[in-house]
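Written out below as structure tokens is the structure these notes cover.
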Amino acid sequence: MALGTGYSQQNCNLARALEVVGERWTMLVLRDCFYGVRRFSDLLAHLDISRAVLTDRLGALVDAGVLVRVADGGHPEYELTEAGKALWPSIYALSQWGEQYASPGSYPGRVFSHAECGTQLDRFGRCPGCGTIPGPEDLVVAPGPGEAVHPRSDAVAVALREPRRMLTPLRSRSEA
């Protein structure tokens, strides 16, 4: 039996969500957008993805209303919409799952802390310090102990070596 190409015949919300975010590279594009990476060239360099695949994924995310494309002085940028920001719990949960089950014994490459109180999130995305589940706009991302295992040298990776507020536009040194 041939493998289908979509989930259109499925009456399932998960299947419909996978139509939007289930392609290879899509979740990594979104992860970088949460880190503040907005420019095509920065996404291309940091993800080490082909230009054609990145163009396809960005177009699909814009068409689905997850990202919006904005012109900024001749350099188009991609920003998360409210629908895109709502994917943060899924991205965080998958990252935690990957750490625990896909890479057992590894250390996190990034750690996330509640900006208001500085407490690192637990594996469920909750702040143990104040008991809230902060949204991505209320988080600081910083290099974790696993970051040094496979250091990268692209401009985005270098910029992400410093703690930074999530969703804040990242300006790599190549843009300065």
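Suppose the filter is modelled with pLDDT of 95 or more, hydrophobic (A, V, I, L, M, F, W, C) and over 13 Å from the mean Cα position of the chain (by Cα); does residue 71 pass it? So residue 71 does not fit the description; no. Among the residues of the range 4-37, those identified as in contact with a helix residue (DSSP H, G or I) (Cβ under 9 Å, 6 or more places away or on another chain) and among the basic types (Lys, Arg) are 24, 31.
Residue count for the range 104-155 under the criterion of being over 24 Å from residue 46 (Cα atoms) and β-branched (Val, Ile, Thr): the result is 3.
Filter the range 84-120 down to residues that are part of a strand (DSSP E or B) and either crowded, with 17+ Cβ neighbours inside 10 Å or at pLDDT 95 or above (or both), then give me how many there are.
Going residue by residue through the range 84-120, those that are part of a strand (DSSP E or B) are 110-114, 120.
Subsequent filtering for residues that are either crowded, with 17+ Cβ neighbours inside 10 Å or at pLDDT 95 or above (or both) retains 111-114, 120.
Qualifying residue count, the range 84-120: 5.
Taking the range 74-83 as the range and being under 16 Å from the mean Cα position of the chain (by Cα) and either surrounded by 17 or more Cβ atoms within 10 Å (Cβ to Cβ) or closer than 19 Å to residue 44 by Cα (or both) as the test, the residues that pass are 77, 78, 79, 80.
If you scan the range 126-137, which residues turn out to be under 15 Å from the mean Cα position of the chain (by Cα) and either over 10 Å from residue 112 (Cβ atoms) or surrounded by fewer than 17 Cβ atoms within 10 Å (Cβ to Cβ) (or both)?
Step one: filter the range 126-137 for residues under 15 Å from the mean Cα position of the chain (by Cα), giving 135-137.
Within the range 126-137, 135, 137 qualify.
Answer yes or no: is there a residue in the range 49-64 that is crowded, with 16+ Cβ neighbours inside 10 Å, modelled with pLDDT of 95 or more, on the phi < 0 side of the Ramachandran plot and part of a strand (DSSP E or B). So far as the range 49-64 goes, no, none of its residues is crowded, with 16+ Cβ neighbours inside 10 Å, modelled with pLDDT of 95 or more, on the phi < 0 side of the Ramachandran plot and part of a strand (DSSP E or B).
The values are calculated or read from the model by the stated rules, or taken from the named source; none is laboratory data. This is a predicted model, so every value here is computed, not measured. No Cβ is skipped: glycine too gets one built from the backbone with ideal geometry, and neighbour counts run over all protein chains shown.
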